[in-house]
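These notes concern the structure reproduced below.
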Amino acid sequence: MPEGLGLALSLVLLAATLVAAARGGRRRLEPIVACGAALVLVGSGAIGPRRAGDALQSLAPTVAFLACLLVIAEGARREGVFEAVGSLIGQGGARLLLRGVFAAAVGVTVLFGLDATAVLLTPVVLLTAARSRADPRPHAYATGHLANSASLLLPISNLTNLLAFHASRLSFARFAALMALPMVGVLAVEWLVLRRWFAVELDRPLARTEAPPVRMPRAAPALLLATLAGFVLSSLAGVAAVWVALAGALAFAALGVARGAARPASLVRAAEPWFLLFVLALGVIVASAAHDGLDSAVRAVLPGGDSLGDLLAVAAIAALCANVVNNLPATLLLIGATAASHGALLAVLIGVNVGPNLTYAGSLATLLWRRVLHAHGIDVSLREFTALGIATVPASLVTATVLLWLALRI
């Protein structure tokens with residue numbers, strides 16, 4: 001197939017896949033559409049079977065890692081970690097509620113990933129706000145924004161991070177050290193803007209909640225800390241992090257089975273096999289588009305250096321791509337063009353993780369977050385969402401990129 005025709009077909013099928021993801025959440029619609037699109041591309045010759053197999057093989061370790069993290073997150077939910085967090089943040093006055101939501105969203109995103117914040121923490125936050133008779137909007141926006149923004153710190157915090165982590169060959173500790181300052185800068189911007197934006201709503205007195213406090217379980221936090229320590233130690237020992245993730249997932253699975261709260265079928269469902277299939281098929285689609293000319297176009301636009309100006313340009317381009325084609329395809333496309341430079345690769349992550357706060361379609365987590373709000377009867381205004389994104393995203397991108405540039409030189 002001619003390169004131009006192959007690129008056009010790949011982009012059309014990529015758009016169809018993203019539309020399916022936006023409409024279907026994590027049901028079976030998006031993996032069916034994605035797999036169908038990948039098969040069409042292979043069958044038409046837009047991408048050869050060998051190249052498609054290479055794309056699947058390169059994604060396999062990341063997808064396996066993600067499956068383990070999903071099992072861990074579900075195990076923590078089953079043990080009552082999220083319910084205890086909700087109880088904790090609800091034990092305060094008006095000025096403390098947003099602070100508690102902010103801290104909870106950061107912690108959950110860093111340790112469990114942005115999807116856990118969007119799907120598991122958001123309902124808890126909405127319930128806590130309702131019990132306190134607080135306006136849910138500031139707290140809902142905090143979870144939605146921080147699901148993306150707070151995912152900068154660790155390789156396990158976002159699927160985009162996992163993809164870049166495997167490409168960068170950085171250690172777990174080195175990755176976290178380089179991204180610590182950028183994340184702190186983004187959190188500072190988010191806090192200042194949200195606190196000022198919703199000043200009237202946050203200064204209203206809250207009703208006292210009568211719900212009894214929920215105690216934090218002991219076993220689940222201990223397993224989480226052990227798994228996190230394992231990630232750090234594995235990078236020092238040269239052991240693949242996926243084995244630590246597998247050990248953590250098996251530990252949570254054993255805990256659930258021992259308590260009679262989990263069965264093999266529920267553990268398989270916790271790994272989200274349909275979503276994993278969607279990610280693999282999406283990788284083939286993006287590989288096809290890259291092979292047919294999109295990769296060359298991106299390389300021609302991206303700067304090649306590590307200067308502050310270059311990193312700012314890379315972060316801006318990555319943010320633009322995330323809002324046009326979603327952050328996951330954008331990451332798959334951009335990491336190949338920036339893998340040779342740690343600075344550029346991490347600047348891509350700043351763009352694809354922070355940038356999606358500008359539009360609904362920027363990340364799958366934002367789409368899931370919006371669906372959770374609708375399920376609870378909360379309508380998010382497109383105008384307000386976009387205006388808040390304009391107030392936070394550019395400042396966050398610049399702040400994080402400048403701090404990354406400094407961290408690379410420390």
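The values are calculated or read from the model by the stated rules, or taken from the named source; none is laboratory data. Because the structure is a prediction, the values reported are computed rather than measured. We place every Cβ from the backbone using ideal geometry, glycine too, and count neighbours over all the protein chains shown. Note: accessible area is taken over every heavy atom of the protein model, side chains too, but ligands, DNA and RNA are not part of it. Shrake-Rupley method; radii C 1.70, N 1.55, O 1.52, S 1.80 Å.
Could you give log10 I(q)/I(0) at q = 0.09, 0.19 Å⁻¹ for segment 139-282, computed by the Debye formula over C-alpha point scatterers of equal weight, without solvent? Values, matching the q order: -0.43, -1.27. Could you check which residue among Ile47, Ile378, Ile72 shows the biggest mean-square fluctuation in a GNM of the chain with a 10 Å Cα cutoff? Ranking Ile47, Ile378, Ile72 by mean-square fluctuation puts Ile378 first.
Just to check, using Stokes-Einstein with a Kirkwood Rh over alpha carbon pairs, what's the diffusion coefficient of segment 10-69 at 25 °C and 0.890 mPa s in µm²/s?
Result for D is 195 µm²/s.
Here the extension length gained between Arg383 and Val12 equals 130.8 nm, from 0.36 nm per residue of separation less the Cα-Cα distance.
Report summary: the helix-based calculation at 222 nm, which adds -39500 (n - 2.57) for every DSSP H run with n ≥ 4 and divides by the residues of the chain, gives -25000 deg cm²/dmol. Here the Kirkwood formula, the inverse mean of 1/r across different C-alpha pairs, assigns the chain a hydrodynamic radius of 21.6 Å. Note on Ala297 and Arg174: the extension gain reaches 41.2 nm, defined as 0.36 nm multiplied by sequence separation minus the Cα-Cα distance. In percent, rounded to a whole number, the relative contact order of segment 279-400 is 24, using alpha-carbon pairs under 8 Å and six or more apart. Calculated FRET efficiency, Val200 to Val19, Cβ-Cβ distance, R0 = 35 Å: about 0.40 to the nearest 0.05.
In segment 146-256, carbon and sulfur make up what percent of the accessible area (probe 1.4 Å)? With neighbouring chains kept in place, the figure for segment 146-256 is 67 percent.
How much of the pair distance distribution for segment 118-187 lies past 21 Å, counting alpha-carbon pairs only, in percent? Considering segment 118-187, 39 percent of its Cα-Cα pairs are separated by more than 21 Å.
For the chain, excluding the exposed loop sites themselves (trypsin sites (Lys or Arg not before Pro), DSSP loop, at most 15 other Cβ atoms within 10 Å), the longest remaining stretch covers 260-408. Dividing the convex hull volume of the alpha carbon atoms of segment 263-410 by its residue count gives 146 Å³ per residue. Taking 12 Å as the cut-off, the amide N atoms of segment 125-165 that come nearer than this to a point 7 Å along the Cα-to-beta-carbon line of Ala339 belong to 163-165. For Val402 and Ser44, a Förster radius of 51 Å and the Cβ-Cβ distance give a FRET efficiency of 0.70, rounded to the nearest 0.05. Its Cα centre serving as origin, segment 251-410 has a Cβ charge dipole (Lys and Arg +1, Asp and Glu -1) of approximately 520 debye. Length available on full extension from Asp54 to Ala229: 0.36 nm per residue minus the Cα-Cα distance, which gives 59.8 nm. 3J(HN,Hα) along segment 63-79, derived from phi through the Karplus expression 6.51 cos²θ - 1.76 cosθ + 1.60 where θ = phi - 60°, amounts to 5, 4, 4, 4, 4, 5, 5, 5, 5, 5, 4, 5, x, 5, 4, 4, 7 Hz, with x in place of Gly and Pro. The relative contact order of the chain, computed from alpha carbon pairs under 8 Å that lie at least 6 residues apart in sequence, is 25 percent. If R₀ is 35 angstrom, what is the calculated FRET efficiency for the pair Leu5 and Arg263, using the beta carbon separation as r and rounding to 0.05? E(calc), rounded to 0.05, equals 0.10. Each residue, Ile390 and Leu246, gets one label point 7 Å from its Cα in the Cβ direction; the gap between the two is 5.0 nm. Working from label points 7 Å from Cα in the Cα-to-Cβ sense, the Leu320 to His376 distance is 3.6 nm. Of Leu152, Leu202, Leu114, which is the most mobile in a GNM of the chain whose springs link Cα atoms less than 10 angstrom apart? Comparing Leu152, Leu202, Leu114 in the GNM, the peak value goes to Leu202.
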